[in-house]
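Please read the structure below before turning to the comments.
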Amino acid sequence: MREPGAQGAPRVQVFRMHFLVSWHRLEWRRPQKVCLCPFLPVHPLNISTDLYIIQHPAEENKVLRTVPLLAACLPQDKVKVKIGRRFSEERDPELSAICRNPGTLILYPGAEAINLEELISNSPNHLSTIIIIDGTWSQAKDIFYKNSLFRLPRQVQLKTSVSSQYVIRTQPTNRCLSTLECAAVALAILEKNDHIQETLLRPLQALCSFQLQHGAQIRLSKEHLLKNGLYPKPMPKNKRKLRKMELLMNSVKI
């Protein structure tokens, strides 16, 4: 259920899960034989980190999105989803205060980003909050660079060679992770508890398994398809898009 707000203001989404006997209830109803509830933790994970998900509006209505699964595993007071493209101090003073807090991090890769594990080992400060942008790479880039608030927290990235387990959705490269996977890795590092990552990944693995059993196909990354001559679409004529394709083929970070 979303809280009403001023016209044009970002929306806050609080997940109400449709589940009968448990603290968590999944947002969508699924047939019992493909129910994901057995793969969720019996009790919410005990974490000290606050998680803010900045969700592009286009993600809100996608059926196989991972944020509801993530929210179902965490305490309600530890995860908040804000939906929108543009955020400002006037529209969202709460988010502004979070971004100005020295204990807040934003997960977004780039030349200025610090590897999260290195920051944790070297930082004397208490890191209380992490912000993750939920959307396609182009949507996330648009949100990050067109909202000055998101350049106030320290920018971090994940140093991992793990391939995404979200195999029913095409990723740009072999190294791209879903929002749930990013949160799982980041929270495990921040909380110094690998069990968190394993627990958060369990419902995602089950979701993909169920979908594959019922006709879905494994989606290889765009990078893999281009490198192996399997990309099904004609190469774009637009020079900027063509350049992105060439960078993917050469494993250059974009």
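The values are calculated or read from the model by the stated rules, or taken from the named source; none is laboratory data. Everything quoted here is computed from the prediction, not taken from an experiment. Every residue, glycine as well, gets a Cβ built from its backbone with ideal geometry; the counts of neighbours run over all protein chains shown. We work out accessible area using only protein heavy atoms, side chains counted, and drop any ligands, DNA or RNA first. Shrake-Rupley method; radii C 1.70, N 1.55, O 1.52, S 1.80 Å.
In this structure, is S121 assigned by the TED database to the domain that holds L200, open to solvent by 40 Å² or more (accessible area, probe 1.4 Å) and closer than 15 Å to H56 by Cβ? Judged against the criteria, S121 is not a match. Of everything in region 71-98 that is assigned to a helix (DSSP H, G or I) and in contact with a strand residue (DSSP E or B) (Cβ under 7 Å, 6 or more places away or on another chain), the residue that is nearest to L177 (Cα to Cα) is A71.
Annotation note: Cβ proximity below 9 Å between a residue of region 49-75 that is within 20 Å of T104 (Cα to Cα) and assigned by the TED database to the domain that holds A206 and a residue that is of a type in the set (K, R) and open to solvent by less than 10 Å² (accessible area, probe 1.4 Å) (sequence gap 6+ or interchain) occurs for Y52/K82; I53/K82; I54/K82; Q55/K82. Among the residues of region 126-167, not one is surrounded by fewer than 17 Cβ atoms within 10 Å (Cβ to Cβ), among the aliphatic types (A, V, I, L, M) and under 12 Å from the mean Cα position of the chain (by Cα). Checking the conditions here, which among L242, L180 is at pLDDT 95 or above and in a helix (DSSP H, G or I)? None of the others qualify; the one that does is L180.
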